[in-house]
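Every read-out reported here was derived from the displayed coordinates using simple, explicitly stated rules and does not represent laboratory data. Here the structure is a predicted model, which means the values were calculated and not measured. Methodologically, a virtual Cβ is constructed for each residue, glycine included, from the backbone with ideal geometry; neighbour enumeration extends over all protein chains shown.
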Amino acid sequence: MSMTNEMFVKRSLELHLFFLRIMKEHALFMAVSFPPKNEDFIREGAELNSQFNNLLREALELASGVIMVENDAATEFTLPAEEKTAFLTGMQIDTALTEAELRMARPGARVDAQIVERVGNLNNRILSATRNIIRYKTRVLDALLACELLSSNYPLLIEHIRREAIRYVDLVTRLQNRAEPENIQQELIEDEFFWNQIMEEHAEFIRGYLDPTETELFDLADDFAVRFNELNSRIQGLRTSQQFMMFFNESEELAEEIRDFKAQGTQGILACGIRIIAPPLLADHVLREANHYLRLLSTYKQIR
Ligand SMILES: [Fe+2]
Ligand SMILES: [Fe+2]
């Protein structure tokens, strides 16, 4: 079965409003993580950040009037988190773009041939930019693992954000081929495994960035890591449709729980009520990823 033009345009743009902001932030988080000595890595991160910012601006222009801005694209915390992070790091963050996104026109426009072509063209440029950021992440990870580079990001965080970028390339490639999933059950279980692992690692990053005095939050974060890990370890043993259903429900409940935890955490960090060494925008970033996972799960609920 092949995809209609309208589905192609909407699915592409929905994916981009989520992932382009994620990519531009990965580049920013990396750029601010290195010592002054590594000016090449810093400059490259900043350049990638501005490239993805431009791609997001284009995607927003195309998306205006065609799709909605959902809570995986921007939240109520995104703008204040950007302002605070720009203040703390001295990096320029295009907050005007975020403001425009939050005011974007509601859907109603028709999908015409011109927009189909523009989206196809944008998809190709996104693929090449994302392959570039994957290479950058690989070079940084290699240098970290060879103990030739210092960063305030954990090596696992670089591995994690590289995995997210690889996922993005994979999903855009499928859209470019207009490929519909062949086996929805298989696709769902892969998505669950992928995002449960992402959620587990978020809990581990939060645990690791908290000040040692934040014992209560540390224990909460640690508990999420253990529970997501335990959940994913059961995936191989799933056989009956009832077991798959239970796995789905548990994944959704746990994702909702960690989403609430992240939302509270973001609020706490913005109010300067939590001792932590991560930029405020990282808190909103992982919140949006939880929102994205929950959105994904809810689309499966509609087709099942
Ligand atoms: Fe991310
Ligand atoms: Fe992530």
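Restricting LEU294, LEU282 to those that are touching a helix residue (DSSP H, G or I) at 6+ places or on another chain (Cβ under 7 Å), farther than 14 Å from ASP191 by Cα and within 16 Å of ligand 1 (Cβ to nearest atom) reduces the list to LEU282.
Every residue, every condition in (1) of a type outside the set (Val, Ile, Thr); (2) buried (at least 19 other Cβ atoms within 10 Å of the Cβ); (3) under 21 Å from the mean Cα position of the chain (by Cα), yes or no:
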residue: VAL9; (1), (2), (3): no, yes, yes
residue: LEU13; (1), (2), (3): yes, yes, yes
residue: PRO35; (1), (2), (3): yes, no, no
residue: GLU47; (1), (2), (3): yes, no, yes
residue: ALA73; (1), (2), (3): yes, yes, yes
residue: ALA86; (1), (2), (3): yes, no, yes
residue: ALA100; (1), (2), (3): yes, no, yes
residue: ARG110; (1), (2), (3): yes, no, no
residue: GLN114; (1), (2), (3): yes, no, no
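A count restricted to region 49-71 and to residues that are outside any loop (DSSP other than H, G, I, E, B) and either touching a residue at least 12 places away in the same chain (Cβ under 8 Å) or within 19 Å of the chain's Cα centre (by Cα) (or both) stands at 14.
Select from region 147-192 the residues that are farther than 27 Å from SER128 by Cβ and surrounded by 16 or more Cβ atoms within 10 Å (Cβ to Cβ) and write down the one among them that is nearest to ligand 2 (Cβ to nearest atom). The qualifying residue nearest to ligand 2 (Cβ to nearest atom) is TYR154.
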